[in-house]
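FYI, it's all coordinate maths here, none of it is from the lab. All figures in this text were calculated on a predicted structure; none of them were measured in a lab. Heads up, the Cβs are rebuilt from the backbone with ideal geometry, glycines too, and the neighbour counts pull from every protein chain shown.
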Amino acid sequence: MARRLSSLFVLLVLLHIGMAILVMAAPSCGPIEANDRDRIQFALNLEFLEAEFFLHAALGKGLDSIEPSFAQGGPPPIGATKANLDPVTNRIIEEFGYQEVGHVRAIIKTIGGVPRPLLNLSRDNFANIFDEAVGFKLRPPFNPYANSINYLLASYVIPYVGLVGYVGTIPSLVNSTSRSLVAGLLGVESGQDAVIRTLLYEKALLPVVPYGMTVADFTNRISNLRNALGMCGIKDEGLKVPIQLGAENRTESNILSADANSLSYSRTPPEILRIVYGSGNESNPGGFYPKGGNGRIARQFLTKV
Ligand SMILES: *[C@@H]1O[C@H](CO)[C@@H](O)[C@H](O)[C@H]1NC(C)=O
Ligand SMILES: *[C@@H]1O[C@H](CO)[C@@H](O)[C@H](O)[C@H]1NC(C)=O
Ligand SMILES: *[C@@H]1O[C@H](CO)[C@@H](O)[C@H](O)[C@H]1NC(C)=O
Ligand SMILES: *[C@@H]1O[C@H](CO)[C@@H](O)[C@H](O)[C@H]1NC(C)=O
């Protein structure tokens with residue numbers, strides 16, 4: 001009897017702690033108040049990031065060479081450079097880069113732009129993210145620009161966050177012009193993510209030289225890191241998963257990341273900021289955005305501090 005009572009007590013305490021965590025975490029996963037323009041300008045932060053990362057890697061130059069007016073006076077990105085890519089990967093990334101230029105243009109034309117935020121695309125920033133993901137310091141430090149596998153792994157870090165953001169944005173948009181814009185953006189972002197994941201899946205079991213971990217291991221760890229920073233449960237899955245996360249609980253391959261009904265996960269702007277700032281806190285900029293994102297939504301979290 002005493003034994004049963006004490007386990008009941010333990011259960012109640014655990015329940016209580018669980019509730020406390022839920023109460024603390026719940027508000028930061030819920031919807032935010034914002035109008036269509038603010039939500040789409042928020043996404044422009046990610047479009048700038050992708051444009052610069054892809055263009056520089058494929059062409060050795062970025063938005064300032066291709067469409068200089070789009071940055072609206074924002075500073076050039078730090079550390080973005082040509083990547084050492086095989087010809088097919090280079091072609092794919094070049095196309096993606098130009099697609100992002102189109103996305104930035106479409107947003108500017110439809111709802112108006114914001115200045116490009118300061119972007120940190122340096123090797124060191126990626127090296128930090130990869131160290132965080134694996135839980136120790138990689139030696140030599142991870143270099144996203146060194147070869148195609150490294151570059152694709154580094155790219156695994158980026159369009160997916162845009163994709164889940166767009167899935168989260170569409171239901172909140174009131175104006176049909178903005179809904180069609182974001183539907184069109186989402187289509188191409190998810191296509192890019194699928195291509196990157198397929199290219200990585202073909203190499204899933206190969207080691208990432210010289211680290212001894214496979215491509216699949218890296219994707220799982222990066223996804224876990226994003227889930228931890230986002231703080232709203234599992235919304236991100238690597239290329240090889242336990243069967244209960246696979247499609248219909250029947251596959252361990254996980255070429256696309258999706259929920260129990262194979263629907264895309266969605267994220268709110270604060271979740272996205274926690275991830276891309278690398279800080280787990282939408283009020284603490286860093287990571288890809290040393291000075292934070294632009295537009296009302298991102299700035300509002302910064303000034304709350
Ligand atoms: C929807 O948004 C577009 C583009 O910003 C604007 O021109 C249009 O007037 C808006 N429509 C409504 C009904 O608010
Ligand atoms: C870019 O990131 C690296 C690695 O975290 C850091 O050392 C560097 O200071 C950052 N640059 C800026 C301007 O924040
Ligand atoms: C797969 O497993 C999860 C729990 O692990 C469950 O919620 C879901 O309903 C299952 N899906 C199918 C199709 O059996
Ligand atoms: C986020 O950062 C701000 C500013 O540093 C701080 O005031 C706030 O407590 C942090 N939030 C959490 C949940 O840690």
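Things worth noting here:
- Residue order, fewest to most surrounding Cβ atoms within 10 angstrom, among ASP124, ASP236: ASP124, ASP236
- Cβ-to-Cβ counts within 10 Å put GLU202, GLU282 in ascending order as GLU202, GLU282, the fewest first.
- Inter-label distance, nm, simple model (7 Å from Cα along the C-beta direction), ARG179/LYS82: 4.6
- Those residues of segment 186-220 whose amide nitrogen sits under 19 Å from the label point placed on ARG123, 7 Å along Cα→Cβ: 208-212
- Alpha carbon centroid spacing (whole Å) that separates segment 258-302 from segment 53-68: 24
- Rounded FRET efficiency, nearest 0.05, which uses the C-beta distance separating ARG250 from LEU302 and R0 of 41 Å: 0.40
- A simple count of charges around GLY230, restricted to other residues whose Cβ falls under 9 Å of its Cβ and scoring Lys, Arg +1 and Asp, Glu -1, yields +2.
- One quarter of the convex hull surface built on the alpha carbon atoms of the chain amounts to 18.0 nm², the projected area averaged over directions.
- Computed log₁₀ I(q)/I(0) - Debye formula, equal Cα scatterers, no solvent, segment 226-266, q 0.19, 0.33 Å⁻¹: -0.49, -1.16
- Helix 176-201 axis, angle to the chain major axis (alpha carbon atoms, nearest 10°): 80
- Relative contact order (percent, whole number), segment 105-157, Cα cutoff 8 Å, 6+ residue spacing: 25
- Rounded to the nearest 500, the 222 nm mean residue ellipticity of the chain from helices alone is -18000 deg cm²/dmol, with -39,500 (n - 2.57) taken per DSSP H run of at least 4 residues.
- Lysines with Cα under 29 Å of LYS61, excluding same-chain neighbours fewer than 8 positions away: LYS82, LYS109, LYS203, LYS291
- A convex hull fitted around the alpha carbon atoms of segment 25-103 yields 141 Å³ per residue.
- Taking every alpha-carbon pair under 8 Å whose residues sit at least 6 apart, the chain reaches a relative contact order of 19 percent.
- Gained length - GLN72 relative to ILE234, 0.36 nm times residue gap less alpha-carbon distance: 54.7 nm
- Inter-label distance for SER279 and THR198, nm, one decimal - labels placed 7 Å from Cα along Cα-to-Cβ: 3.9
- Inter-centroid distance (Cα atoms) of segment 81-113 relative to segment 193-243, Å: 23
- Dipole of the chain, positive end: most advanced residue of SER253, ILE32, SER223 [Cβ charges, Cα centre]: ILE32
- Global form of segment 64-130, assessed from the alpha-carbon gyration tensor, a/c cut-off 1.5: oblate
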